[in-house]
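Colleague: What follows is a structure written as structure tokens; I'll ask about it next.
Read-outs: derived from the displayed coordinates by stated rules, not from any lab. The structure displayed is predicted, hence computed values, not measured ones. Glycine also receives a Cβ, built like all others from the backbone with ideal geometry; neighbour counts cover every protein chain displayed.
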Amino acid sequence: MSKTVADVMTINPIVVSLETPLKEAIQILAEKRISGLPVINNAGKLVGIISETDLMWQETGVTPPAYIMFLDSVIYLQNPATYDRDLHKALGQTVGEVMSKNPLTITPDKSLKEAAKIIQEHKVHRLPVLDNAGQVIGILTRGDIIRTMATE
């Protein structure tokens, strides 16, 4: 019988809220040796993911978008809205300011094969597992899938 997400996921994962200070989230990631955390709102619903990738902006800073001047006009060679978003991530102080919004999710009844396909196709490292009420009940990572493959 094939395994489901519920068979392999980490149950009751550590979550953080929108208001969690970034320093606290960084501490959790470092101490627990994990690369990302689900972010929930006051109602306990998933609203985002904070990952090492999101936090790298804090260290690397932001490069302003390339532009050219033409007849006293500025012509951006990249979308300036991307710069605004990246700048916000670089200067953010709370998880809500830096997190990636609208993360991909999965339900516990899905097959491990389906989950692996989503992770591979979308190039994500983790999938929060939600119950019918939209609450985070687990998390499935690439590592969980690989460990399961090794024991079969």
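Colleague: Using amide H atoms built 1.01 Å from N in the peptide plane, name the residues 5+ places from Lys3, or on other chains, whose amide H lies under 5 Å from its own.
Modeller: For Lys3, the qualifying residues are Leu112.
Colleague: Also: If the only charges are +1 at each Lys and Arg Cβ and -1 at each Asp and Glu Cβ, what is the size of the charge dipole of segment 1-40 around the Cα centre, to the nearest 20 debye?
Modeller: With only Lys, Arg, Asp and Glu charged at Cβ, the dipole is about 140 debye.
Colleague: Pop out the ³J(HN,Hα) list for segment 24-29 in order, Karplus 6.51 cos²θ - 1.76 cosθ + 1.60 with θ = phi - 60°, rounded to Hz; leave Gly and Pro as x.
Modeller: 5, 5, 4, 4, 4, 4
Colleague: 5 Å is the cut-off here: which amide hydrogens, built 1.01 Å from N in the peptide plane, fall below it relative to Val47, excluding neighbours closer than 5 in sequence?
Modeller: Answer set, sorted by chain and number: Val39, Ile40, Asn41.
Colleague: I've got another one for you. Given the pairs Lys45/Lys113; Lys101/Lys123; Lys32/Lys110, which are separated by over 23 angstrom at their Cα positions?
Modeller: Cα-Cα > 23 Å for Lys45/Lys113; Lys32/Lys110; rest within.
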